[in-house]
Amino acid sequence: MATAIPNLHMISSEHIVGAKVFDQGGKEIGEIDHLMIDPATGQARYAVVNFCGFMCLRKGHHAVPWNALCYDMDRRRYVTSVTEHLLEDAPEYDDASWADRDWETRIHAHYGAAPYWEGAAR
């Protein structure tokens with residue numbers, strides 16, 4: 001379970017990888033496999049989430065913009081508005097996607113997340 005350091009408002013990466021992801025109704029829908037981090041800023045840009053235990057519509061992992069996940073401080077867990085329809089229609093990704101601004105634009109628009117390069121990253 002992901003844990004935060006209460007007074008510092010920080011979370012260790014060891015508690016993010018493997019953290020469960022829940023839908024807005026409180027149902028567990030997946031698990032964070034790893035993060036994609038901008039090496040220049042040190043900020044997380046995407047969570048690669050394994051939703052297979054939830055839907056298994058498209059096997060494998062799915063890139064979700066980091067700001068499409070919300071950390072619920074009271075319950076100490078990640079919450080997202082990802083739905084079956086969003087996941088089913090999500091743009092595919094591969095290793096080249098991380099350097100493709102057109103793909104990034106599509107994935108952010110798909111999940112309704114503000115693009116981090118427009119200053120909306122958390």
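The values are calculated or read from the model by the stated rules, or taken from the named source; none is laboratory data. Since we're looking at a predicted model, the values are computed, not measured. Here Cβ is always computed from backbone atoms with ideal geometry, including for glycine, and neighbour counts include all displayed protein chains. Side chains are part of the model used for accessible areas, which takes the heavy atoms of the whole protein and leaves out ligands, DNA and RNA. Shrake-Rupley method; radii C 1.70, N 1.55, O 1.52, S 1.80 Å.
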Answer from TYR71, TYR93 - the residue that is under 15 Å from MET36 (Cα atoms) and among the hydroxyl-bearing types (Ser, Thr, Tyr): TYR93
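In region 21-40, what residues are open to solvent by 50 Å² or more (accessible area, probe 1.4 Å) and either modelled with pLDDT of 90 or more or touching a Cys at 6+ places or on another chain (Cβ under 6 Å) (or both)?
ASP33, HIS34, MET36, ILE37, PRO39, ALA40, listed by residue number.
Among the residues of region 56-66, are any modelled with pLDDT of 85 or more, in a loop (DSSP other than H, G, I, E, B), out of contact with any His (no Cβ under 7 Å at 6 or more places or on another chain) and open to solvent by 70 Å² or more (accessible area, probe 1.4 Å)?
As a first pass, look at region 56-66 and keep what is modelled with pLDDT of 85 or more: 62-66.
Narrowing the set further to residues that are in a loop (DSSP other than H, G, I, E, B) leaves none.
No, the conditions are met nowhere in region 56-66.
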